[in-house]
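First the structure, in the form of structure tokens, and then the observations on it.
Nothing in this text is a laboratory measurement; each read-out follows from the coordinates by a stated rule. Worth saying up front: this structure is predicted, and the values here are computed from it rather than measured. So basically every Cβ, Gly included, is an ideal-geometry build from the backbone, and we count neighbours across all protein chains shown.
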Amino acid sequence: METPLYEKIYLNLLKQIETGQLQLRDQVPTEKELADQYQVSRITSKKALDKLVQIGAIERIRGKGSFVSDTLPDFGALVPKNDDEQSVRQGQAVNGLIGVIIPEFFSDFFGRKMLRNIEKRCSELSLNLLVKLTYGSQEEEEEAINTMIQHQVKGIIIYPVNGQHYTASLLRLVLEGFPLVLIDRHLKGIPACAVYTDNKTAAQSLTQYLFSQGHKHIAFVSPPEEFTSSIEERIQGFMTAYSQKGIGVSPNYLLTDMFSTSPMFNQSDEFFEDQIKLRKFIEENSDITAFIACEYEIACVLAQVLKSLGKSIPNDYSIACFDHPGALYNDLNFTHIRQDEDLIGTKTVELLLKQIDGENAPIQNMINFQLVEGNTVSNITLPAHFRS
């Protein structure tokens with residue numbers, strides 16, 4: 001495995017001190033000078049200087065800079081030779097701490113497998129996880145980030161809270177170049193590394209599939225967009241499929257104020273409110289024959305409402321959604337988008353380690369998906385007695 005960039009800078013400076021190119025009490029190049037010389041970020045050059053301070057090779061004098069120490073360490077024990085260089089990175093990982101911030105403990109229909117894969121990969125690298133829950137609150141997210149920094153985590157994996165504004169702590173991490181990976185969504189206008197499903201294409205594919213089954217009046221049901229990229233992109237994909245079909249989508253076909261799936265709210269109260277909204281929505285849009293639910297839980301609420309109205313799924317209405325825990329959880333095996341949680345988890349750790357090693361990581365990392373057919377979509381081009 002290639003030696004991290006900060007480690008290369010550290011080793012080069014150490015060699016210069018050992019050979020006398022940098023002599024006792026000589027001033028060492030600044031973070032900015034090293035960043036310019038090696039074409040790296042200042043956080044990378046700072047890590048190299050920090051390590052030289054830790055071993056006693058240099059010392060910092062406030063207001064003046066860094067200087068070669070009067071008393072030098074044993075260079076033979078410090079500078080790795082040939083194949084030993086690879087062990088440097090491994091040594092850095094041992095007993096390291098990685099922060100994971102999520103809204104709540106993930107469920108079987110999305111997130112649990114991803115989190116398990118993150119933990120597995122970190123365990124293989126001798127990295128420990130510090131997990132904090134935000135319960136959908138930006139105040140809790142702010143506190144969780146501050147707690148992670150106090151515990152001196154090497155990097156943070158975060159599932160951001162829905163909302164129009166980003167927390168100050170999250171913005172500060174991005175601006176300071178702290179190793180950070182967002183999962184499930186990205187932040188518009190903020191250059192933070194993110195790993196997420198290609199939501200727009202996924203929603204577009206799901207809508208096109210319903211069109212192929214003869215449905216022309218398809219509705220989309222979701223929580224509020226609130227500048228949440230995953231929801232916004234799913235709505236965009238839904239609209240794009242309509243546009244490509246040459247059919248105008250009515251604004252009435254968008255119901256985007258479901259709250260019962262949010263960890264911020266009293267879910268029993270919101271569940272009741274969502275049922276009322278859905279009943280009214282169905283009654284006011286009698287031409288709708290199919291629904292796309294932005295989340296599995298919303299699909300379940302919708303199915304209950306339809307059944308309470310005496311409607312059959314899929315004979316009267318078809319439902320498709322994102323994510324699904326499997327047929328054992330419900331007699332309805334929803335046609336759905338399956339996100340690649342294994343790859344999301346693995347990719348997240350990989351990109352975080354690149355940043356910890358001082359390397360640049362790509363900002364947007366979209367992961368592919370799979371459309372899985374279930375038993376909740378009927379082909380309405382067939383006569384009713386052929387549908388099951």
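Stretched out straight at 0.36 nm per residue, the stretch from Q16 to N285 would grow longer than its current Cα-Cα span by 89.3 nm. Its DSSP H runs of at least 4 residues, each contributing -39,500 (n - 2.57), put the calculated 222 nm mean residue ellipticity of the chain at -13000 deg cm²/dmol, to the nearest 500.
Taking amide H as placed 1.01 Å from N in the peptide plane, I367 has its amide H under 5 Å from the amide H of Y196, T197, D198, each at least 5 places away in sequence or on another chain.
Calculated FRET efficiency, T71 to R42, Cβ-Cβ distance, R0 = 41 Å: about 0.90 to the nearest 0.05. For the pair Q244 and E124 in one chain, pulling the backbone fully straight at 0.36 nm per residue adds 38.6 nm over the alpha carbon distance. Based on the Kirkwood approach, the hydrodynamic radius assigned to the range 1-58 is 11.4 Å, with every pair of different Cα atoms included. Full extension of the segment from D50 to K188, taken as 0.36 nm per residue of separation minus the current Cα-Cα distance, would add 46.4 nm. For the range 159-246, trypsin sites (Lys or Arg not before Pro) are listed when DSSP marks them as loop and at most 16 other Cβ atoms sit within 10 Å of their Cβ; the list is K188, K216.
FRET efficiency for H151 and K64, Cβ-Cβ distance as r, R0 = 51 Å, nearest 0.05? Plugging the Cβ-Cβ distance into 1/(1 + (r/R0)^6) gives 0.95.
By the rule of a C-alpha distance below 30 Å, with chain neighbours fewer than 8 residues away ignored, the lysines paired with K47 are K8, K15, K32, K64, K81, K120, K132, K154, K188, K347, K354. The aspartates and glutamates whose alpha-carbon is closer than 16 Å to the alpha-carbon of K200, local same-chain residues fewer than 8 away aside, are D184, E225, E232, E233, E295, D323, D340.
Phi angles across the range 5-17 convert, under the Karplus curve 6.51 cos²θ - 1.76 cosθ + 1.60 with θ = phi - 60°, into 3J(HN,Hα) values of 4, 5, 5, 5, 5, 4, 5, 5, 5, 4, 5, 5, 5 Hz, Gly and Pro given as x. Spacing of the modelled spin labels on K311 and E359, each 7 Å from Cα toward Cβ, amounts to 5.1 nm. Cross-link reach is defined here as a Cα-Cα straight distance under 25 Å, omitting same-chain residues fewer than 8 places apart; for K307 the lysines meeting it are K216, K277, K280. Derived scalar couplings between HN and Hα for the range 200-210 equal 4, 5, 4, 5, 5, 5, 5, 5, 5, 5, 5 Hz in order, rounded to whole Hz, by the Karplus curve 6.51 cos²θ - 1.76 cosθ + 1.60 (θ = phi - 60°), x for Gly and Pro. Largest GNM mean-square fluctuation among G111, G155, G248, using the chain with Cα springs under 10 Å: G248.
For D257, the residues whose amide H sits under 5 Å from its own are S222, ignoring neighbours fewer than 5 places away on the same chain, with H placed 1.01 Å from N. Across the range 349-366, rounded Karplus estimates of 3J(HN,Hα) from the backbone phi angles (6.51 cos²θ - 1.76 cosθ + 1.60, θ = phi - 60°) give 5, 4, 6, 5, 5, 4, 5, 4, 7, x, 9, 7, 10, x, 6, 9, 10, 8 Hz, Gly and Pro being marked x.
Here the translational diffusion coefficient of the chain follows from Stokes-Einstein with Rh set to the Kirkwood radius across Cα pairs; for 4 °C and 1.567 mPa s it amounts to 55 µm²/s.
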